[in-house]
Amino acid sequence: MLFKNALIFDSVRGFVPGGFHVENGRFARIYQGEISGDGLDLGGMRVIPGLIDLHSHGNSGADFSDGDYEGLVKMAGYLARNGVTAFAPASMTLPYDVLAAAFQAAVRLRRERPRGCARLMGIQMEGPFFSEKKKGAQNADYLRLPDFDAFKKLFDGCAGLLRIADLAPELPGAAEFIRRASELCLVSIAHTDADYEAARAGFAAGARHLTHLFNAMPPIHHRKPGVIGAASEREDVVAELICDGLHVHESSVRMAFKLFPGRICLVSDALRCCGMPDGEYTLGGQQVFLKGGLATLEDGTIAGSATNLYDCMRNAISFGIAPEQAVLSASLIPAKELGCAGELGSIEEGKLADFIVCTEDFSRRAVYMGGEQL
């Protein structure tokens with residue numbers, strides 16, 4: 001099928017006038033300029049790649065850590081409808097058997113790939129190897145020291161679908177864990193009270209990712225640069241950023257893109273309350289209260305967000321981030337982090353035809369997966 005008269009997002013050049021053919025669910029040919037022939041005229045609207053959220057706990061009342069397959073299908077359907085055509089669900093700090101059950105649900109969704117659902121491209125294991133001081137909304141009852149054997153059992157049990165493993169680098173045994181785990185997947189520093197030296201040692205051992213920059217870590221200080229300073233110096237480290245407008249001030253969002261040029265990965269960190277009305281919900285065995293878009297524990301600690309990645313991307317643009325960079329940070333950069341950039345994350349010949357048609361201000365008009373409109 002031919003799609004014509006569009007502004008197509010090119011990951012190098014930005015928005016370029018043109019069109020494209022989709023055949024067998026993939027981009028077959030991409031054209032510049034005007035195109036003749038029968039096809040769908042997009043009226044000059046923008047076309048961007050389907051977004052990829054590599055850190056999302058839940059939505060629509062469901063949470064990945066529930067281990068409920070139907071709940072995971074519901075989550076994936078909501079994401080796809082909102083322009084997030086691929087994702088890596090994130091677990092919580094919970095007992096290993098609970099994590100194993102959730103990971104099996106992910107394996108099933110990956111295998112069955114139900115129609116109208118976002119593609120499951122991996123799992124982010126967020127916990128339990130975290131600092132008690134920076135646990136945030138993680139359940140302290142289940143915190144553990146880094147345990148490679150326990151991790152490897154979970155990794156093997158989900159056929160290697162686990163793509164990102166989080167931990168605090170200051171914990172005993174962290175360096176050895178990072179060295180071994182980084183041979184299997186991406187290792188991310190998260191929920192940490194590490195100082196600059198400990199963080200630097202973690203990156204030296206092989207960590208290459210930073211979970212939700214600014215959140216659940218010491219703030220940057222001119223005499224104590226900490227995790228943020230250590231990560232910003234590494235050109236091989238990508239930092240996640242939650243742009244719901246609540247977790248991180250818009251000035252800090254702009255700062256983040258300057259500290260990590262070309263290395264910011266937008267994430268939602270969404271909870272089961274995403275897409276739901278104000279009320280009381282749960283997260284990792286704890287009560288969460290959603291009011292006015294803000295999700296908190298009973299003691300007021302900010303939990304995850306109630307915002308999907310598409311809206312986070314639009315927020316980033318409204319905060320002053322160049323649209324081209326915001327799109328990259330929500331598509332190709334997470335695709336690279338998950339190891340699926342050969343198939344997803346950009347509009348290129350041969351890749352899966354997952355894309356969004358939107359207006360100049362990025363209001364969604366249509367979502368396509370495999371060239372078919374949802």
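Determine whether Met255 is aliphatic (A, V, I, L, M), free of Cβ contacts under 8 Å to residues at least 12 places away in the same chain and either closer than 25 Å to Gly300 by Cβ or part of a helix (DSSP H, G or I) (or both). When the stated conditions are applied, Met255 passes them. Only residues that are crowded, with 24+ Cβ neighbours inside 10 Å, among the hydrophobic types (A, V, I, L, M, F, W, C) and touching an Asp or Glu at 6+ places or on another chain (Cβ under 7 Å) were counted in the stretch 296-331, giving 2.
Conditions tested, residue by residue: (1) assigned to a loop (DSSP other than H, G, I, E, B); (2) in contact with a Ser or Thr (Cβ under 6 Å, 6 or more places away or on another chain); (3) farther than 20 Å from Asp63 by Cβ.
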{"position": "Arg110", "(1), (2), (3)": "no, no, no"}
{"position": "Phe130", "(1), (2), (3)": "yes, no, no"}
{"position": "Lys134", "(1), (2), (3)": "yes, yes, yes"}
{"position": "Pro146", "(1), (2), (3)": "yes, no, yes"}
{"position": "Phe151", "(1), (2), (3)": "no, no, yes"}
{"position": "Gly160", "(1), (2), (3)": "yes, no, yes"}
{"position": "Ala165", "(1), (2), (3)": "no, no, no"}
{"position": "Phe177", "(1), (2), (3)": "no, no, yes"}
{"position": "Ala199", "(1), (2), (3)": "no, no, yes"}
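Listed by first and then second residue, the pairs with beta-carbon distance under 7 Å, at least 6 apart or on different chains, first residue in the stretch 1-19 and closer than 17 Å to Leu40 by Cα, second among the acidic types (Asp, Glu), are Leu2/Asp38; Lys4/Asp41; Asn5/Asp41. Among the residues of the stretch 261-294, those that are among the small types (Gly, Ala, Ser), surrounded by 15 or more Cβ atoms within 10 Å (Cβ to Cβ) and outside any strand (DSSP E or B) comprise Ser268, Gly275, Gly284. Applying the criterion of being in a loop (DSSP other than H, G, I, E, B) and of a type in the set (D, E, K, R) to the residues of the stretch 298-343, the residue that is modelled with the highest pLDDT is Glu343. Taking the condition part of a strand (DSSP E or B), farther than 17 Å from Ile30 by Cα and modelled with pLDDT of 95 or more, does Ala366 pass? Yes, satisfied.
The values are calculated or read from the model by the stated rules, or taken from the named source; none is laboratory data. Source: prediction; values computed, not measured. Using ideal geometry, Cβ is built from the backbone for each residue, glycine included, and neighbour counts are taken over all protein chains shown.
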